[in-house]
Amino acid sequence: MKSRKFLKILATTAIIISIFVFGAFKSLKYEEMLSEFQPVFEIMNYVQKSYYDVEKVDYDNILNETLKGVMKGLKDPFAWYFTPIETNENTIDTKSEYGGIGAVVQYNTEYDCLEVVAPMVDSPAEKAGLLTGDLIVEIDGHLVSETGYYESVNLLRGKPDTQVEIKVLRKGVEEPLMITITRAEIKIKTVKYSHIDYNGNTIGYVRITQFSEPTYEEFQKALNNVINSDGLIIDLRNNPGGLLSSVLRISSLILPEGKTVITIKDREGSQEVYRSWGGYFSELLKTKPMVILVNGGSASASEILTGALKDHGVATVVGTKTFGKAAVQTVYHLSNGGEIWLPTAHYLTPNGSDIHLKGIEPDITVEATASANNNSELTVSKVELDPENDIQLKKALEVIEEKLK
């Protein structure tokens, strides 16, 4: 069994190195590339033949660490390798839905268990009585201290209408609680909306938390709810980005037909221009004052939307400088079930700016005190706002009020 796993890791490493390195170092011939990376195979042979604790060797872990090292060797902060388990998490994140109990959890290193950060609104976890701060120590008879974070989270997931039994330690309760929860389809809402009455004006508010597969449809629904407002605020603070296809479609809902959204430039210097196809809302929004809220956590796809609306004079940008990620990452799936996200191009804003590692400066800079996200709201679209305790949001309202005069 050990020998088969050893041969598998050698074969997988050979395939990945040959594909990745052959494409990355054009000056190396195939035979030269194999010779250059021969020490990798030499090490594995020495381990197999001479390592004292060979029976304890985790070949999957060696492979994962090797592949991380390959990507790290590029010295590019946006060249990433994801293990098979992490790849599965990426898929769930992109789809923004899964079967499970609907609770945000984190690993508690003090007690080696899962700690409930927040049960989501109207979720099976909330209905079953799970509380913030609860410690999940056992899932269907499996000790969390043995299964670890990712495997434990996967044990909580499953097909809707199936049950999972968890053992919970709760502050103030002496005996552990056994709670049975019926899983359901959990849909994470990536777009939130609300209305704000401000000095006689009704201002629409839309927050995009990330750009995933359902974001475009959710954004359309949100705009339908706020389109009759006097002005519009789009909140992209702490939005790390997401799918390029999603932000391009959303940009077309706002920008007039034919306006440039981004230009993508590859390593050969070739450029491809993406333009708005001018959706239904673009005509309705062109007379309404608009503000984009951003901060240092606004990255990638968030900066595409921000740059497009700023450069075309469609919106005023309020907040702090954005993250500065203009790398377009291509996802390559690997034979071991993992994947790499490899920067293959840069995008330019409509006025030709490459904001990579620079960010976008707001039109109006407003620093803000740190605020915690409400994790229980992950499954809801309608949100409550408090402008008096959010000085960036309050400034956005003031900007719109001034433009309405």
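The values are calculated or read from the model by the stated rules, or taken from the named source; none is laboratory data. What you see is a predicted model; the values in this text were computed from it and never measured. Note that we place each Cβ from the backbone using ideal geometry, even for glycine, and neighbour counts take in every protein chain shown.
A few comments on the model shown:
- Unique match (being in contact with a Phe, Trp or Tyr (Cβ under 7 Å, 6 or more places away or on another chain) and under 28 Å from I179 (Cα atoms)) among L67, L114: L114
- Close pairs (7 angstrom Cβ cut-off, 6 or more residues apart or separate chains): not assigned by TED's automatic domain parsing to the domain that holds V294 and charged (D, E, K, R) in segment 235-253, part of a helix (DSSP H, G or I) and surrounded by fewer than 24 Cβ atoms within 10 Å (Cβ to Cβ) anywhere: none
- Just one of the numbered conditions (1) of a type in the set (S, T, Y); (2) loosely packed, with under 13 Cβ neighbours inside 10 Å; (3) in contact (Cβ under 8 Å) with a residue 60 or more places away in the chain is not true of T91: (3).
- All of (1) closer than 18 Å to N154 by Cβ; (2) surrounded by fewer than 18 Cβ atoms within 10 Å (Cβ to Cβ); (3) assigned by TED's automatic domain parsing to the domain that holds T180; (4) of a type in the set (S, T, N, Q) hold for T132 with one exception: (1).
- Among residues of segment 307-343, those that are polar (S, T, N, Q) and out of contact with any Pro (no Cβ under 9 Å at 6 or more places or on another chain), counted: 1
- If the condition is being in contact with a Ser or Thr (Cβ under 8 Å, 6 or more places away or on another chain), buried (at least 16 other Cβ atoms within 10 Å of the Cβ) and in a strand (DSSP E or B), then segment 269-303 contributes Y274, R275, M290, V291, I292, V294.
- Residues in segment 3-12 include none that are in contact with a Ser or Thr (Cβ under 8 Å, 6 or more places away or on another chain), within 30 Å of L131 (Cα to Cα) and either surrounded by 14 or more Cβ atoms within 10 Å (Cβ to Cβ) or at pLDDT 80 or above (or both).
- Selected residue (only one of V153, V137 is touching a residue at least 24 places away in the same chain (Cβ under 8 Å), of a type outside the set (S, T, N, Q) and in contact with a strand residue (DSSP E or B) (Cβ under 6 Å, 6 or more places away or on another chain)): V137
- For segment 299-343, the set of residues classified as of a type in the set (S, T, N, Q), closer than 18 Å to L67 by Cα and over 18 Å from the mean Cα position of the chain (by Cα) consists of S335, N336, listed by residue number.
- Top-ranked residue of segment 94-129 - restricted to ones that are in a helix (DSSP H, G or I) and within 18 Å of the chain's Cα centre (by Cα), ranked as surrounded by the most Cβ atoms within 10 Å (Cβ to Cβ): T94
- Segment 107-131, subset of a type in the set (S, T, N, Q) and touching a residue at least 12 places away in the same chain (Cβ under 8 Å), residue nearest to Y216 (Cα to Cα): S123
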